[in-house]
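> Below you'll find the structure I mean.
Bear in mind these aren't lab numbers, they're just calculated from the coordinates by the rules spelled out. Because the structure is a prediction, the values reported are computed rather than measured. Quick reminder, even Gly has a Cβ in these numbers, built from the backbone with ideal geometry, and neighbours come from all protein chains shown.
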């Protein structure tokens, strides 16, 4: 860090003219910060934005436009900025398309211009401007079609390289992001006069208030204007109110917090820029924080966005919104020019004249498009002596890298060439209404204000101030207080008998008096080459609008999409209303007839990192760990993800050289001795109640009424559409007590399904469910020696002999001298096997115990891979077979569908397409050459037939090397499969380029008689 | 969007799972085939108020009947599925 | 002289005279009293249907009725992906037919829709997913569709900026369809509209159908906000509103309307070449020619006609994005929007006649309708012209639900929000 500081210690002399710094209400001139732009070093002050600091250093050219690469400066002083986009920071923290106008200056800030080559002052693609007669709106739809293959090879790469703006970072974002929820009665968005007075009124009523301000400082336009409230500068009044609010326990103030979206149910999306004003986040701090604010009432006090006026060459550096000029003067102490032309169609813009004079600039001319000078205009001109052109317009400008001259056409049609280095433009203000339209509400056009205002029909959203079309400070203060009180009252807070705030006095007479002038174009100027821009960033001109209309793109949405108007990073904040007005003019409609495009969230671009929050990398999703996880880690197990679960896949030994070797050894251990495997992840649902058996009858396809206590049974569930849903075993532990197991993947969905069936379909049934998946550690102990091992653990009172505790037996037992456990004689492997369940906290101890007592029997743990091999050897369907597309018939279980009762899926399972015998049905497959792998996902075609879909008869769902059979084996689905045992079929894997042959066999490869199972 | 669960209070959308149309009634086992096809596959899908089933899986595990406007997402009522008046809820 | 054939030559000629000679892309037609065929819905599918009716089946007394502006539905609010990487026999030939039409589209309709075959890569993260993709890729190959299985090294080479080293669900490989890619979505609507218009089709905007006239079980015309229009046949191609329009004819459909959100970032210099889909979350992404990252994920999951969604899905999608490509953390989301999807009961579409005579249905596209646009138009035109299903759309029948012949790629059953 110090290295960077040192590098800046002698700010190099800029070639640009440097202006002297005045005092501003938002900056601290006692401290100096160093920063760089395009490799040049400059200084600024705390409180500066990059834009204000660049202007203070006399830098006017900061960017290039998207299409024509026109030189561009700083248009605005806020988030609506279309031109002044830079790449901020560097390396993994590189932030493309950062708006200089909202980038807070910090010591060591590095910024670079973008979308130019080789440099900003000379940009080779500036030639695009000369090609502009060809590069009109939508030109690319009309060409680049021949020859067809050239699009990907040639045209598109050229276009892609030229397009885009900044460069995304090449590395993973190193910063952290957080997510948070907050709740309040009243959310106030914006801290200008309307926002502050509404927050105060709501808070005084007792409501819990959150005040969100996107800026680092509170006060809104009060910081930008030279205005007195109650005999104080407006910004001081704002600070007084803010300190009052800060002392109230029911108020929370959030700065640097942009409310970017309004969603259903009073949910607001907010991004707080916690650390963007620093070189790096402080230790333990996130870069940004996403807030979901749930508010009973919302107040939009977001102010307005000033409109430019469309005139030829209106995009040169030095042409700036009038309100922004005042912001730079009053808040930042920067005078953006020394010789200014002020061009307005309203009184508000005329404030700029006195502010510029007070800042020491000269007024070269005031151009007022209104036919008659307003009294405000007359007063200002009288006070200042500046030359006033009324009924006039700017006909053109000159100055390639910065404006040098305005050509003013007076009301007689005479041109005046006025030298200047700044043109301050105000075409009036558009209320910033985005948040009022996110729910689909459309704004309405207000002729008097010449703009769209919110049409609110919402009980939980209010608008105040300029956002509501209330254009003066005094009225905004008054309206804010009213709205704040109303919002609090809606939340049930009593309206105080006396008004909470005496409406403060605004010392100036404010008038607005806008008379629409959307553009300054006449027949002559529209013939000229000079481009008059509507959308600065995307280089959409008045001519493009006309062309689009000529080609029939006269719906406002068509205009937007055809010309790309309003689709740049600023989303047309300064462009959209002017564009509508021009379109209305071209199509000879009124503006309301022309309509508006729909505003979508976010109101300002939001970093993806903030929306992703901490859920990235290993933290993308939480881990679920079975009770023996830590023990498995200690054994050196290799793990695999199974949904959210992490399961031991195999347990390699040091002498083993491949995972296959390990898995083969684990299988052999189970088949010849004994092994154990944590099967806790299978869903376990405890079912109790007098109607439990009846309930099971309805959700499983097979019969349950006669299952005795102490026995378990395999069950298959269908969805109501008749396809297989899930399978597992359910054991009856008591008269009215069952415990169901589900597959790992369907533990949640089955629980939901049971609750649905009970609560919605059969609420009359007396039965209850609870998931006990996480309560019990369940371990399968499998192999010929399983009983011997368990006898070392299960208390002697329980007889484990085959006669007393045979296949599918289930019981509550005690182990280790009294510890409660459950024992099930279930087998997935086909061996003599048990599942032993103990309270989850004993899972780890049980694993250790099994290792100890099983040592003399050759016990070893086995993972999911060996489990999978053994279930394929036994032909048990699992996830790949129960894939939601198969039926009981497909799985070879058609015969277990009960005909004696109704059950979920019964009727639909009888549909012809589900019982068609030509449906692919479960078979086993063995390759003719045992060592030739059968690949899952291969398709099955008759031998000798060409590899085309019309001969496709089935596919392989699961395959494995069987160490027991010393052969590859597979399960698959094949048309008429069960009738074709013994037939040789071709196994096609075109992805790998292989065709092999396999014999169709029974899916049960090992111990088809079940001798081992029942041993 | 937020749903006010009758058991748990107002909760965020991510706690709930959607199922759909709450006006459907499961036909009897021996109902005509078309009644079953209608039940499993056909929907009214109105633009406006829609009676629908949601599951409060991250809360109390109750199935809820929610009346919600599909044009505005406004929620008119939330009630427990078990308690909701549903004459002829099940013919089986 | 006006310019009506688009080419570099005509563009240069017009640029010398202020582009004064371009004709409207389509006439602003007013409704006539009667047509041979009325297509309800001026989206991609409706316009394509009209084009193919006129071009391939010689039926030119065709009107496309659009309640707003053409292309304003899902053709104008999707993530622009085209592909034919389907598993099931009912689907693969249809989507491959569509892919082949995309490949010749621009020359066919003389409009540059920027069909960009940059590849579609589906990542897998575990063995089960890999096996499912092998099954799918092999089904594609057996159907004559291109597919390649990439191992982890090949994925690394192709998209080196993904998160390979610190992932919750590490990438194991991917299934690549090189012929898949993206198409400039609006241009598809405009290009078909222009081409259909030149063949005499009336494209009638701001003309909302308010009723369907049925006499003796036969649909004979429509009532609209611009008057009554009679027709020999009526084709509904209004996905997003299918249920509502079908209800005018007394029909209930196997469809729910759901909202799907999509997203675009600020413009960036190109770095994502092929369309990439994450297999451990629902997230797919491509980069447009303008430089924006275009991405999407799951539907919100509840019935909606509001064309907007909610934050949980926004966050879920972007969490997937950050998990897959953590370098986009400082890239900014510029805009999110919502479209209304016809979510069908098996996740597959319907192109069929209805139980009302003369009334035909093209619906149920779920969130995969854009890639289907050309084949959907062709097959619907075929059905309307010949009264029999096109060979590649023969499984998209309404009666498949009764028969059980569902086409359920995801295997989730009659639960539309899970497809």
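> How much of the calculated P(r) for chain C lies past 35 Å, in percent of all Cα pairs?
27 percent
> Let me ask another. I'd like the Kirkwood hydrodynamic radius of region A:116-218, using the inverse of the mean 1/r over distinct C-alpha pairs, in Å.
About 19.8 Å for region A:116-218.
> Then there's this: What whole number of Å gives the distance from the Cα centroid of region C:341-375 to the Cα centroid of region A:965-1004?
Going from one Cα centre to the other spans 37 Å.
> I'd like the mean, over residues of C:102-108, of how many other protein chain beta carbons sit within 10 Å of each residue's own Cβ.
2
> Quick check: pseudo-label points 7 Å beyond the Cα along Cα→Cβ at residue A:362 and residue A:459, how many nm apart are they?
Each label point is offset 7 Å from its Cα along the Cβ direction, giving 6.3 nm.
> Something else about it: Would you work out if region A:871-1001 is rounded, prolate or oblate? Take a ≥ b ≥ c from the square roots of the eigenvalues of the alpha-carbon gyration tensor; rounded if a/c is under 1.5, else prolate when a/b is larger than b/c, oblate otherwise.
It is prolate, given that a/c is not under 1.5 and a/b is the larger ratio.
> In degrees, nearest 10, range 0 to 90: what is the angle between the Cα axis of helix C:311-324 and the longest Cα principal axis of chain C?
Approximately 50 degrees, to the nearest ten.
> Which shape class applies to chain B: rounded if a/c is under 1.5, otherwise prolate when a/b exceeds b/c and oblate if not, where a ≥ b ≥ c are the square roots of the Cα gyration tensor eigenvalues?
Judged from the Cα gyration tensor, chain B comes out prolate (a/c at least 1.5, a/b above b/c).
> A follow-up question, please. Is there a simple number for the mean count of other chain Cβ atoms within 10 Å of the Cβ of residues in C:147-154, and what is it?
Mean inter-chain Cβ contacts per residue within 10 Å come to 1.
> Take every DSSP beta bridge whose two residues both sit in the protein assembly as shown, then give the antiparallel share in percent to the nearest 5.
Roughly 75 percent of the beta bridges in the protein assembly as shown run antiparallel, per DSSP.
> With r as the distance between the Cβ atoms of residue B:79 and residue C:388 and R0 = 30 Å, compute the FRET efficiency 1/(1 + (r/R0)^6) and round to 0.05.
After rounding to 0.05, the efficiency reads 0.05.
> If neighbour count is taken as other Cβ atoms inside 10 Å, put A:132, A:958, A:191 in order from fewest to most.
A:132, A:958, A:191
> Further, regarding this structure: Kindly rank A:236-246, A:211-221 from highest to lowest mean number of other beta carbons found within 10 Å of each residue.
A:211-221, A:236-246
> Which percent of Cα pairs goes in each bin when the distances of region A:670-855 are cut into 10 angstrom slices starting at zero?
The calculated distribution, bin by bin, is 9, 38, 34, 15, 3, 0.
> Tilt of helix C:369-386 relative to the longest C-alpha principal axis of chain C, in degrees (0 to 90, nearest 10)?
Roughly 30 degrees, rounded to the nearest 10.
> Tell me, C:243, C:7 in order of fewest to most beta-carbon neighbours within 10 Å?
Numbers: C:243 24, C:7 14.
Fewest-to-most ranking of C:243, C:7: C:7, C:243.
> Further, regarding this structure: Counting just the Cα atoms, what span does region A:2-130 cover along each of its three principal axes? Round to the nearest Å and put the largest first.
47, 31, 28
> Just to verify a number: FRET efficiency for residue A:590 and residue C:157, C-beta to C-beta distance, R0 = 56 Å, to 0.05?
FRET efficiency, residue A:590 to residue C:157: 0.45.
> When the expected Rg is taken as 2.2 N^0.38 Å, what fraction or multiple of it is the alpha-carbon Rg of region A:648-710?
Relative to the 2.2 N^0.38 Å estimate, region A:648-710 comes out at 1.85.
> Here is a follow-up. For residue A:896 and residue A:231 in the same chain, what is the full-extension length gain: residue separation times 0.36 nm, less their Cα-Cα distance, in nm?
The span from residue A:896 to residue A:231 would gain 230.5 nm if fully extended.
> Using only Cα atoms, what Kirkwood radius does region A:319-415 have, in angstroms?
The answer is 13.5 Å.
> Quick one: angle between helix A:747-756 and the longest Cα principal axis of chain A, in degrees between 0 and 90, rounded to 10, please.
90 degrees
> Partner chain Cβ atoms within 10 Å, averaged over the residues of A:897-910 - can you pull that number for me?
Mean shielding count: 3.
> Still on this structure, please answer the following. Rounded to the nearest Å, what's the spacing between the alpha carbon centres of region C:29-91 and region A:900-937? Just the number, please.
Computed from Cα coordinates, the inter-centre distance equals 39 Å.
> Using only the Cα atoms of region C:1-43, build the gyration tensor, take square roots of its eigenvalues as a ≥ b ≥ c, and label the shape rounded, prolate or oblate: rounded if a/c is under 1.5, else prolate if a/b is larger than b/c, else oblate.
It is prolate, given that a/c is not under 1.5 and a/b is the larger ratio.
> Which FRET efficiency value, to the nearest 0.05, do you get for residue A:371 and residue A:279 by plugging their Cβ-Cβ distance into 1/(1 + (r/R0)^6) with R0 = 45 Å?
Efficiency computed from Cβ-Cβ geometry: 0.25.
> I'd like the antiparallel share, as a percent to the nearest 5, of DSSP beta bridges with both residues in region A:2-130.
Looking only at bridges with both residues in region A:2-130, the antiparallel portion is about 85 percent.
> While we're looking at this one, here's another question. What order do you get for A:420, C:97, B:60 when you list them from fewest to most C-beta neighbours inside 10 Å?
In order of increasing Cβ crowding within 10 Å: B:60, C:97, A:420.
> If each Cα of chain A is one equal point scatterer, what is log10 of I(q)/I(0) from the Debye formula at q = 0.06, 0.08, 0.09, 0.10 Å⁻¹?
Cα-only, vacuum Debye calculation for chain A: -0.66, -0.91, -0.99, -1.07.
> On a C-alpha basis, how far is the centre of region C:175-194 from the centre of region A:157-186 in Å? Whole number, if you could?
About 27 Å separates the Cα centre of region C:175-194 from the one of region A:157-186.
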